[in-house]
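*Asks:* Quick one: the structure is below, and I'll ask about it shortly.
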Amino acid sequence: MLSTARMEFVGSRNFAIDSVLNRLEANKKIGFKVPSFMIYLAEGAVDHSKLDSCSDMFNNNEAIVKPFTADMMDAVLAYDKQIAGHSRDAFLRPYLELHAQQAYVATDHDGSVVGYGVSAPVMSKYLQYGLFPIYGNTTNTQAKLFEMLTRALPDRTIIVAGFPGENTAAIKLYKSAGLTIPEEPIAQRLYTKNVIELPLLKIGSCLNFDIARI
């Protein structure tokens with residue numbers, strides 16, 4: 001009944017779902033027939049010594065990373081709209097306000113936002129913090145945001161990040177930091193009509209842990 005009601009609500013519009021793998025066929029049968037990217041998880045403990053050993057990945061001058069402050073809100077919301085293709089202010093504004101002390105913003109040398117990242121507690125028995133999201137225009141910017149977020153957490157904190165398989169640079173980053181990435185993805189993006197092109201290489205980690213939603 002819930003699936004029927006959902007599809008009636010969707011109607012003729014293009015709709016997306018991030019489907020766990022054991023629900024792929026079921027979701028395709030109810031209308032989510034167009035496959036897109038796979039989403040993977042990286043999990044493990046913060047290890048500051050490993051961050052030190054791969055510091056060359058973080059030493060770049062292309063972006064300036066600073067702690068998030070309230071006056072950055074509108075610029076970050078506008079940047080996020082570039083990633084998602086639509087406004088997510090209703091979710092993102094209170095999310096950033098709640099986790100302001102655990103958020104960082106990357107800007108270029110002209111002051112324009114080129115990325116942002118947040119670490120937030122996750123409600124899981126085995127995980128403590130999710131790096132949700134890490135968005136950056138370049139691999140180096142994503143790496144610098146990752147470093148700032150993880151250095152702000154205590155050593156051995158258990159973290160998780162979710163990313164599209166197309167971002168192979170994220171795989172290198174997370175493995176260098178000692179995180180584990182299972183070979184099997186956690187979810188796949190499906191659409192009812194057509195694929196929406198997203199800037200997947202700018203997504204070092206997704207926005208939240210709701211089946212790793214971009």
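*Asks:* Heavy-atom accessible area per residue, the stretch 110-214, 1.4 Å probe: how many Å²?
*Replies:* I get 43 Å² per residue for this part.
*Asks:* Quick one: if the Förster radius is 22 Å, what FRET efficiency do V195 and K172 give, using the C-beta to C-beta distance and rounding to 0.05?
*Replies:* Using R0 = 22 Å, I get an efficiency of 0.25.
*Asks:* Need one word for the stretch 51-92: rounded, prolate or oblate. Basis is the Cα gyration tensor (sqrt eigenvalues a ≥ b ≥ c); a/c below 1.5 gives rounded, then a/b vs b/c decides.
*Replies:* prolate
*Asks:* For the stretch 118-174, which semi-axes, largest first and in whole Å, follow from the square roots of 5 times the eigenvalues of its Cα gyration tensor?
*Replies:* 20, 13, 9
*Asks:* Then there is this: Defining a contact as two alpha carbons under 8 Å apart and six or more residues distant in sequence, what relative contact order in percent does the stretch 81-206 show?
*Replies:* 26 percent
*Asks:* Can you compute 3J(HN,Hα) from phi for each residue in the stretch 116-128, using the Karplus curve 6.51 cos²θ - 1.76 cosθ + 1.60 with θ = phi - 60°, rounded to whole Hz and x for Gly and Pro?
*Replies:* 7, x, 9, 10, 9, x, 10, 8, 9, 5, 10, 10, 10
*Asks:* Another one. Post the alpha-carbon centroid distance, the stretch 149-190 to the stretch 98-118, in whole angstrom.
*Replies:* 19 Å
*Asks:* While we're on this one: Please determine, in degrees from 0 to 90 and to the nearest 10, the orientation of helix 73-84 with respect to the longest principal axis defined by the Cα atoms of the chain, where the helix direction is its Cα long axis.
*Replies:* 50 degrees
*Asks:* Please state, to two decimals, what the Cα-based radius of gyration of the stretch 3-111 comes to when divided by 2.2 N^0.38 Å (N = residues).
*Replies:* Here the Cα radius of gyration is 1.49 times the empirical estimate.
*Asks:* I've got another one for you. For the stretch 145-214, which whole percent of the accessible surface, found with a 1.4 angstrom probe, sits on carbon and sulfur atoms?
*Replies:* The value for the stretch 145-214 is 54 percent carbon and sulfur by accessible area.
*Asks:* Under 8 Å for C-alpha pairs, at least 6 residues apart: give me the relative contact order for the chain, rounded to a whole percent.
*Replies:* Result for the chain is 35 percent.
*Asks:* Quickly work out the Y126-to-E62 label distance, labels modelled 7 Å from Cα along the C-beta direction, and quote it in nm with one decimal.
*Replies:* My value for the distance between the label points is 3.4 nm.
*Asks:* A further question on this structure: How long are the three semi-axes of the equivalent ellipsoid for the stretch 118-214, computed from the Cα gyration tensor as the root of 5 times each eigenvalue, in whole Å, largest first?
*Replies:* Gyration-tensor ellipsoid for the stretch 118-214: 22, 16, 12 Å.
*Asks:* Rounded to the nearest 500, what is the 222 nm mean residue ellipticity of the chain from helices alone, with -39500 (n - 2.57) per DSSP H run of 4+ residues and division by all residues?
*Replies:* -8500 deg cm²/dmol
*Asks:* I've got another one for you. For the stretch 78-130, what Kirkwood radius comes out of the mean inverse Cα-Cα distance, in Å?
*Replies:* The answer is 12.5 Å.
*Asks:* Here's a follow-up. Starting at the first residue of the stretch 37-43, write each ³J(HN,Hα) from the Karplus equation 6.51 cos²θ - 1.76 cosθ + 1.60 with θ = phi - 60°, in whole Hz, x for Gly and Pro.
*Replies:* 6, 8, 10, 10, 10, 10, 9
*Asks:* Hey, another quick one. Between Rg and the Kirkwood Rh of the chain, both from Cα atoms, what is the Rg to Rh ratio?
*Replies:* 0.98
The values are calculated or read from the model by the stated rules, or taken from the named source; none is laboratory data. The shown structure was predicted, so the numbers you read here are calculated from the model rather than taken from an experiment. No Cβ is skipped: glycine too gets one built from the backbone with ideal geometry, and neighbour counts run over all protein chains shown. With ligands, DNA and RNA removed, areas are computed over all heavy atoms of the protein, side chains included. Shrake-Rupley method; radii C 1.70, N 1.55, O 1.52, S 1.80 Å.
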